[in-house]
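Here, each number is a calculation from the coordinates, and none is a lab measurement. All values derive from a computational prediction rather than experimental measurement. Note: ideal-geometry Cβ built from the backbone for every residue, glycine included; neighbour counts use all protein chains shown.
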Amino acid sequence: MSTCIDRFTVEMAIIIRKNPEFTDLLQKNLMVKHEEKRRRDNTVHVSDIIPTTCIRKQYYSRKFPEMDPLSNESVHHFVRGESSEFVITQLADLGVAQASIEMDGIVAHPDIMSNEKGIIVELKDTVNGRRIDFYDSTFRSYLRQLLYYLVMTGLEKGIISIRYNIKELRWIKSDSEGDYFFRPFNAKDVGIESWEVFLASGDIAREILKNEMVRRKNLFLKALEEGNVSILPRLIDDAKRRKCPRCQFYDKCINQDLETDEAREMAKEIDFLDINGVVNFKQT
């Protein structure tokens, strides 16, 4: 009996092996798709000019793409974000996905826009364990992006919907070996958290935001056309400490290229959102 079973096992074995050829093919095709999305012309997108985004990095990515090669990590983030947005957009069934809008030479593609419902939805997907709100710089960048969309379209209502892919983690410290986090017993679970943003059609903030957008667009476009990054401001303070050391353009930006006095002054300007009374934020 055992001999029969042994013979059956040998003759009918299910064979499992790693297949690096398929992995390489998949990675290659995904990189090609990701590469097609990279910006190489002088068209200015909303994401290029958001104050919390490094406008100099946006410049370098256009001018020196060879210094910013695609990595497996960047492709993974690209695929995760694209697939998440596609699925949620289809399930939400709220309006047009990736609609193309334009204002004063600035283009944008909101994730979901519905003129009928009078709403714009911006979908975000993150593997960061930290939960964010108005006082976080990442949330500020999401908010600014949505506000720009509302200004460009004239719509009054928007939603920032953030999909958290891992349970909450809290930062403890950093040292030479990396960052340390812990997960509290009452950690927030994976899931989606959405924030409603309302900007009235007659609010003076619209004109202020529009002037901010056009100013940054003109400056960015001038830098691209003249090949002069010095007129673009560097990041400062906490943003500089967190983002600059890990940037692939760090040496060129900090040690080789200049920054004009006007750019330095621009970097020090008070954020419009920090002015008392501009934002009415509540957690619940």
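The combined condition, being under 15 Å from Y60 (Cβ atoms), out of contact with any Phe, Trp or Tyr (no Cβ under 8 Å at 6 or more places or on another chain) and not in a helix (DSSP H, G or I), is not fulfilled by E269.
Here region 119-136 is the region considered, the condition is being in contact (Cβ under 8 Å) with a residue 40 or more places away in the chain, among the hydrophobic types (A, V, I, L, M, F, W, C) and in a strand (DSSP E or B), and the residue that is surrounded by the fewest Cβ atoms within 10 Å (Cβ to Cβ) is I119. When L155, L209 are checked against the criterion of being touching a residue at least 40 places away in the same chain (Cβ under 8 Å), under 23 Å from H45 (Cβ atoms), in a loop (DSSP other than H, G, I, E, B) and more than 16 Å from the chain's Cα centre (by Cα), L155 stands alone in meeting it. Within region 89-115, residues that are in a loop (DSSP other than H, G, I, E, B) sit with their Cβ atoms under 6 Å from residues that are among the polar types (S, T, N, Q), at 6+ positions apart or across chains, in these pairs: L94/S114; G95/S114; H109/Q98; H109/S100. Taking region 20-57 as the range and being within 18 Å of D104 (Cβ to Cβ) and either of a type in the set (K, R) or not in a strand (DSSP E or B) (or both) as the test, the residues that pass are D41, N42, T43, V46, S47, D48, I49, I50, P51, I55. A Cβ distance below 9 Å, combined with a sequence gap of six or more or placement on separate chains, defines the contacts here; from region 265-284, residues that are in contact (Cβ under 8 Å) with a residue 60 or more places away in the chain reach residues that are exposed (fewer than 10 other Cβ atoms within 10 Å of the Cβ) and in a loop (DSSP other than H, G, I, E, B) in the pairs F281/Y135.
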